[in-house]
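Asks: The structure that follows is given in the form of structure tokens.
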Amino acid sequence: MPAQNHKPEFAELVDAHARELHAFLWRLLRDQNESEDCLQSAFLKAFRAYDRMPAGANYRAWLYKIASNEARTQLRRRAGVPIGLDDDLRAPAATVEDQAERRLRLREVAKAIERLPYKQRAALVLSKYQDLSYAEIGEILGTSPEAARANAYQALRKLRGLFREAGAGQVTDQHRARFEEGVR
Amino acid sequence: MNGEAELSLLLDVLYADGPPAAAAESALANLRAEVQRWQPQLWYGSLPESPVGSLLVAVSALGVVAVEFGANEARFVERLRQAFGVQPHRSGDRADAAVRQLEEYVAGKRNTFDLPVDLGGCTDFQRKVLEAATAVPRGRLATYGEIAARIGAPRAARAVGQALARNPVPIIVPCHRVVAADGSLTGYSGGAGVETKAQLLRLEGAAIR
């Protein structure tokens with residue numbers, strides 16, 4: 001275990017946390033270039049501020065916070081540009097029809113995530129896919145742990161709404177129309 | 001499938017795998033290169049005993065920058081400090097992979113190196129020469145003239161010899177596999193000179209004169 005007051009070399013922070021932060025940025029942005037750019041600019045900001053960080057601080061949460069701010073700025077910058085889904089992204093399904101149906105649903109979920117307020121979207125990814133506690137997520141998003149939990153919950157509630165409207169596993173004409181309008 | 005389960009499945013399709021491995025590796029490598037640019041850093045370690053004597057190894061965040069025959073740490077550190085403008089730190093962790101692979105190699109337990117090399121301190125010409133030397137397989141030899149031809153400078157055999165003599169990472173970049181046109185083992189600047197060169201080539205099973 002590192003000593004309480006240990007302050008690692010900056011390069012050690014890269015070794016310890018860059019992979020995880022890149023995955024986080026990729027999940028939020030779903031774009032290779034943007035997630036790599038955000039990763040570099042987040043670490044550059046961290047590098048410039050690192051002298052002022054006390055020894056023994058929670059560097060991981062601090063880096064997440066900087067990375068999250070970068071992602072948020074990036075998402076704002078590209079507001080209105082529809083999300084790109086990789087062609088090879090496949091939801092498992094029994095038949096070709098099911099597969100097509102699933103893909104339509106996948107796009108719809110992706111679009112609904114795009115419409116979520118940033119904190120809800122980030123809280124969802126951080127809690128479900130980055131394995132962070134609500135205390136940590138609160139620290140990263142600048143909220144209380146309770147508010148972080150509420151953000152993740154709200155995100156899921158809104159996404160569930162998509163399915164309730166349509167009935168279990170059915171895509172209605174209304175959904176199709178909304179989807180097509182969305183992808184233009 | 002109910003809505004809840006389907007939502008969960010679709011979220012997993014979008015998020016569970018994370019970035020493709022190649023994208024993650026390249027993002028990490030590019031970030032390390034950037035950090036090395038913002039804050040050049042060097043670490044070193046040593047292999048006190050080996051069949052070719054003591055070895056010292058230095059690495060940057062990008063790869064191995066120096067291998068030196070001998071045990072004079074203070075002189076090694078001072079040379080690195082002058083060449084790179086930063087104070088190297090002794091670090092078992094950072095230099096460990098390079099030290100271990102060198103140890104295995106000179107003991108005949110490893111055939112090739114699986115290490116990034118950072119030739120950032122070399123000129124373009126020297127880098128081309130070193131890359132061409134790296135392409136000479138274990139157990140084979142090339143002449144200075146052949147290396148010169150391979151890098152598109154067929155009349156530069158002498159310059160190739162000089163570039164190889166200044167190889168910052170001997171053994172890992174196998175300049176010992178490059179010999180004179182008549183097959184004789186001309187100079188080697190590391191260890192016991194030509195005797196060390198012969199020792200490395202014998203270890204690799206090369207037919208030498």
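Derivation of every value follows stated rules applied to the coordinates shown; laboratory data play no part. All values reported here derive from a predicted model rather than from experimental measurement. Methodologically, a virtual Cβ is constructed for each residue, glycine included, from the backbone with ideal geometry; neighbour enumeration extends over all protein chains shown.
Asks: Assigning unit charges at the beta carbon (Lys, Arg +1; Asp, Glu -1) and nothing else, what dipole magnitude in debye, to the nearest 20, does region B:1-147 show about its Cα centre?
Replies: 820 debye
Asks: Next up: I'd like the distance between the alpha-carbon centres of region B:80-111 and region B:1-66, rounded to an integer number of Å.
Replies: Centre-to-centre distance over Cα atoms comes out at 18 Å.
Asks: Considering every residue in A:32-39, what mean count of other chain Cβ atoms within 10 Å of its Cβ is obtained?
Replies: 4
Asks: Quick check for me: using +1 on Lys/Arg Cβ and -1 on Asp/Glu Cβ, what's the dipole size of the protein assembly as shown about its Cα centre, in debye to the nearest 20?
Replies: 740 debye
Asks: Follow-up question, since we're still on this one. Positive end of the charge dipole of region A:1-81 (Lys, Arg +1 and Asp, Glu -1 on Cβ, about the Cα centre): tell me which of A:HIS6, A:TYR50, A:THR73 has its Cα farthest that way.
Replies: So the residue furthest toward the plus end is A:THR73.
Asks: Another question, then. Quick one: grab Rg to one decimal and Dmax as a whole number for region A:1-81, Cα atoms only, in Å.
Replies: For region A:1-81, the Cα radius of gyration and maximum Cα-Cα distance read 13.5, 47 Å.
Asks: Grab the eigenvalues of the alpha-carbon gyration tensor for the protein assembly as shown, scale each by 5, take roots, and send me the semi-axes largest first in whole angstrom.
Replies: Whole-Å semi-axes of the equivalent ellipsoid: 54, 26, 17.
Asks: Lysines near A:LYS65 by alpha-carbon distance under 21 Å, same-chain residues fewer than 8 away left out - which ones?
Replies: A:LYS7, A:LYS45, A:LYS119, A:LYS128
Asks: Could you tell me the convex hull volume per residue, in Å³, taken over the Cα atoms of region B:124-203?
Replies: 78 Å³
Asks: Now a separate question. Work out the mean other chain Cβ neighbour count within 10 Å for the residues of A:138-146 and drop it here as an integer.
Replies: Details: counts 0, 0, 0, 0, 0, 0, 0, 0, 0.
Rounded to a whole number, the mean comes out at 0.
Asks: How large is ³J(HN,Hα), in whole Hz, for each residue of region B:55-63 in order, when computed from phi with the Karplus curve 6.51 cos²θ - 1.76 cosθ + 1.60 and θ = phi - 60°, using x for Gly and Pro?
Replies: After applying 6.51 cos²θ - 1.76 cosθ + 1.60, I find 10, 10, 10, 10, 10, 9, 5, 9, x Hz.
Asks: Now for a different question. How large is the helix-only mean residue ellipticity at 222 nm for the protein assembly as shown, computed as the sum of -39500 (n - 2.57) over DSSP H runs with n ≥ 4, divided by its residue count, in deg cm²/dmol to the nearest 500?
Replies: Mean residue ellipticity, 222 nm, calculated: -18500 deg cm²/dmol.
Asks: How big is chain B on each of its three principal axes, counting only the C-alpha atoms and giving the largest first in Å?
Replies: Computed over chain B, the largest-to-smallest principal extents equal 78, 38, 33 Å.
Asks: Amide H to amide H under 5 Å from B:VAL64: which residues, 5+ apart in sequence or cross-chain, H placed 1.01 Å off N in plane?
Replies: Excluding prolines and chain starts, which carry no amide H, the hits are B:VAL117, B:ASP118.
Asks: Shielding of A:98-104 by partners, i.e. mean partner chain Cβ atoms within 10 Å per residue?
Replies: 1
Asks: Rounded, prolate or oblate, given the Cα gyration tensor of region B:43-106, with a/c below 1.5 counting as rounded?
Replies: Oblate shape, in that a/c is at least 1.5 and b/c is the bigger or equal ratio.
Asks: Follow-up. Based on the Cβ-Cβ distance from A:PHE47 to A:ARG160, what FRET efficiency comes out when R0 is 45 Å, to the nearest 0.05?
Replies: 0.65
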